[in-house]
Amino acid sequence: IELENDMRKGLEREEFFLEFQPQVSLDSGRVVGMEALVRWNHPRRGVLSPGEFIPVAEDSGLIVPLGEWVLRTACSYNKKWQDDGYTPICVSVNLSMRQFRQHNLADKVDCILQEVGLEAKYLELEVTESMTFDIDTAFEQLQRLKRLGVHISIDDFGTGYSSLYYLKTLPIDRLKIDRSFVKEVMLDGSGAAIVSTIAMMAHHLQLKVTAEGVENEEQLEFLKLQNCHEGQGYLFSKPVPAGLFERRFLTRI
Ligand code: G
Ligand code: G
Ligand code: MN
Ligand code: NA
């Protein structure tokens, strides 16, 4: 409850900020995207990570205004960087279950894109498998978002429940292989088998594949051999504040 009240004030006082983690094309080595990750500079506790406050935000419903703030802010940075002459890249934003259940989500996303002036193709929304459990509702919601022109990815793929039927039916663009599988690719048979199977399946379904949690060169080489399109992880960079992301990863046209 205390954290909930702090969060309400924190939203007004602009205590939240974003970090960005680069998403790298495994073909070219270029940064082709970035994931926006929210942090909270709490006045007494210091910087909190999402694991420490997203659950509270979910339970209290504050995730809705916070999620809108994240979307608007992530889109604003992306638009500003385009206006400043950097090569355009796509920004990925995580959606929470509560946001995904809102009937007017697509309208809100559309409003934010209009307001900010960002083309929809430069925004990707990340949902988890658990959000697609009710397939009819998920289909409708994703369809509304797709009609705007934004991309959709399934985050932490492989850790939840998605039947192959879901993957075939839902209008999604990308699978992000959960980092727990990537971590194990060089250790034993199963991590490698799971990653290569997901990558192959994604290719057949014409979905893009991103490997999460890429931490070393051995993993990177394996992922390239499996034709993963993109990688994200500490090997390239941890999530960094906007200014540092701009200096380190954005390139001129
Ligand atoms: O940021 P970190 O690197 O600690 O991320 C931890 C978790 O928090 C991840 O699972 C990520 O998906 C989630 N997360 C980060 N930012 C957001 C956000 O803006 N909204 C939601 N719903 N989850 C987020
Ligand atoms: O669940 P989601 O994928 O949205 O969350 C991203 C989370 O993964 C963040 O907490 C981020 O800090 C973390 N992360 C990003 N790259 C790596 C990595 O290479 N290794 C590990 N262990 N965590 C990572
Ligand atoms: Mn994510
Ligand atoms: Na993930």
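Every read-out reported here was derived from the displayed coordinates using simple, explicitly stated rules and does not represent laboratory data. Note that this is a predicted model, so its numbers are computed, not measured. So basically every Cβ, Gly included, is an ideal-geometry build from the backbone, and we count neighbours across all protein chains shown.
A few comments on the model shown:
- Across P171, P43, P241, mean-square fluctuation computed from a Gaussian network of the chain (C-alpha pairs under 10 Å connected) peaks at P43.
- Among the listed pairs K121/K176; K80/K121; K80/K176; K108/K168; K79/K108, those with a Cα-Cα distance over 21 Å are K80/K176; K108/K168.
- Long-range tail of P(r) for the range 151-220 (Cα pairs > 18 Å, %): 33
- For the chain, dividing the convex hull volume of the Cα atoms by the residue count gives 132 Å³ per residue.
- Normalised by 2.2 N^0.38 Å, where N is the number of residues, the alpha-carbon radius of gyration of the range 190-249 equals 1.28.
- Of K146, K79, K108, the one that fluctuates the most in a GNM where the chain has Cα springs shorter than 10 Å: K108
- Extension gain for the segment C111 to D84, taken as residue separation times 0.36 nm less the Cα-Cα distance, is 7.4 nm to one decimal.
- The range 1-50 and the range 51-120 have Cα centres lying 12 Å from one another.
- In this simple spin-label model, placing a label point 7 Å from the Cα along the Cα-to-Cβ direction at both V47 and S163 gives a separation of 4.4 nm.
- Cα-based convex hull volume of the range 58-166 per residue, rounded to whole Å³: 102
- With the simple spin-label model, which puts each label point 7 Å out from Cα in the Cβ direction, the M201 to E221 separation comes to 2.8 nm.
- Gain in span if fully extended, M186 to R247, counting 0.36 nm per residue against the direct Cα distance: 18.7 nm
- HN-Hα J in Hz across the range 175-183 - Karplus 6.51, -1.76, 1.60, θ = phi - 60°, x for Gly and Pro: 10, 9, 5, 4, 5, 4, 7, 5, 4
- Each label point was placed 7 Å from the Cα along the Cα-to-Cβ direction; for M97 and K9 their separation is 3.0 nm.
- Summed over qualifying helices (DSSP H, 4 residues or more, each -39500 (n - 2.57)) and divided by its residue number, the chain shows a 222 nm mean residue ellipticity of -14000 deg cm²/dmol.
- Whole-number D in µm² s⁻¹ for the range 39-85, Kirkwood Cα-pair radius fed into Stokes-Einstein, 20 °C, 1.002 mPa s: 177
- Relative to the Cα centre, the charge distribution of the chain, modelled as +1 at Lys and Arg Cβ and -1 at Asp and Glu Cβ, gives a dipole magnitude of about 540 debye.
- Positive-end extreme of charge dipole, the chain - chosen from L167, A36, M7 (charges on Cβ): A36
- As a proxy for reagent exposure, H42, H103, H229 were ordered by neighbouring Cβ count within 10 angstrom, fewest first; the result is H103, H42, H229.
- Rounded Å value of the spacing that divides the Cα centres of the range 141-175 and the range 202-219: 16
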